[in-house]
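Report on the structure given below.
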Amino acid sequence: MESQKRTLGLATVLASYILWGLLPGFWTLLAPVNSVYILAQRIVWSLVFMALFMLCTRRLGEIAAAFRDRKVLRRSVLCGVLITLNWGTYIFAVNSGHVLDASMGYFIEPVLVALIGVVFFREKPTLAEKLTFCCAMAGILYLLVRTGRLPLLALAVATPFALYGAVKKDLALSAQASLMMETLLMLPLALAFSAWWTARLGGSEAVLGGASFWLLPACGVVTSVPLLLFNVGVKEIPYYFTGILMYINPTLQFLMGLLYFHEEMNVDRLIAFAIIWVGIFLTLAEKITAIRREKQPS
């Protein structure tokens, strides 16, 4: 029974990372639509999907309790702002032909998470994690020296998501309730922009013409389903193992940017990626070694 649970956990977490990694292919279907409007619709339809899920699972009481707790409410507002920034920047990156920058952001993000853990939560990284951070910094500095500019889009994708995880740490809400709260609190802004943009273009027919009519509502599904799969599986496998699997997401994005979208991979960018990958390999090797030790009989 325990083995079956672990297998199910591995399958669902793996599926969530694969779906996240393939998301650029979905967002490009909406490339003709304004990126901020896509973001607004993603918020609206994610809320609809999560509200239905919470209703069917009889967990709407969690939302009512969250509104009564000022600390939870303040954190939820901040989480909503940060995830909105991450979603918006990511959609813009993909639809403006910068999938490789987006993938670099998600390679950098775990390093930022580790740095936040050290600075704000007094966590003690291992030697491999310290070397991974140093390699990530070296990759960024290399690009700065060679090109004269920071990889701002990659950092703009990574930073809000890293901060989002830190704010959610120890938040007294399930992941499902938290996502519903975040989208609910951002709903007024999403509806206001949607109404303004629709009026600006001359009505809903101009905005929802063609495939957009069904692709925009699908934003809620492609946002919520991977999260639900992740939260089902993460309870059944060791958490550090999810840290190994998480690199599937940016790796798939990288391959899609390179092979599917045919984005340019110049030498400087390739070297920066290689430096970052060396650091990631060190952490992965350490985690795999830890898993093998765990399996050895005492």
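The values are calculated or read from the model by the stated rules, or taken from the named source; none is laboratory data. Since the structure is predicted, the reported quantities are computational estimates derived from the model, not experimental observations. Every residue, glycine among them, receives a Cβ derived from its backbone with ideal geometry; neighbour counts consider all protein chains shown.
Side notes on the structure shown:
- Condition met for Val119 (among the β-branched types (Val, Ile, Thr), surrounded by 19 or more Cβ atoms within 10 Å (Cβ to Cβ) and assigned to a helix (DSSP H, G or I)): no
- Ile108 surrounded by 22 or more Cβ atoms within 10 Å (Cβ to Cβ), among the aliphatic types (A, V, I, L, M), in contact (Cβ under 8 Å) with a residue 12 or more places away in the chain and in a helix (DSSP H, G or I): yes
- Search result, residues across region 96-105 that are surrounded by fewer than 20 Cβ atoms within 10 Å (Cβ to Cβ) and in a helix (DSSP H, G or I): none
- Selected residue [out of contact with any helix residue (DSSP H, G or I) (no Cβ under 6 Å at 6 or more places or on another chain) and under 28 Å from Gly21 (Cα atoms)] from Gly61, Gly97, Gly105: Gly97
- Taking region 269-290 as the range and being more than 15 Å from Leu143 (Cα to Cα) and free of Cβ contacts under 8 Å to residues at least 12 places away in the same chain as the test, the residues that pass are Phe281, Thr289.
- Condition check for Thr147: surrounded by fewer than 22 Cβ atoms within 10 Å (Cβ to Cβ) and within 30 Å of Thr28 (Cα to Cα): yes
- Conditions (1) modelled with pLDDT under 90; (2) not in a helix (DSSP H, G or I): number failed by Glu263: (1)
- Comparison of Ile91, Ile38, Ile63 shows that the only residue that is of a type in the set (A, V, I, L, M, F, W, C), touching a residue at least 12 places away in the same chain (Cβ under 8 Å) and more than 21 Å from Pro160 (Cβ to Cβ) is Ile63.
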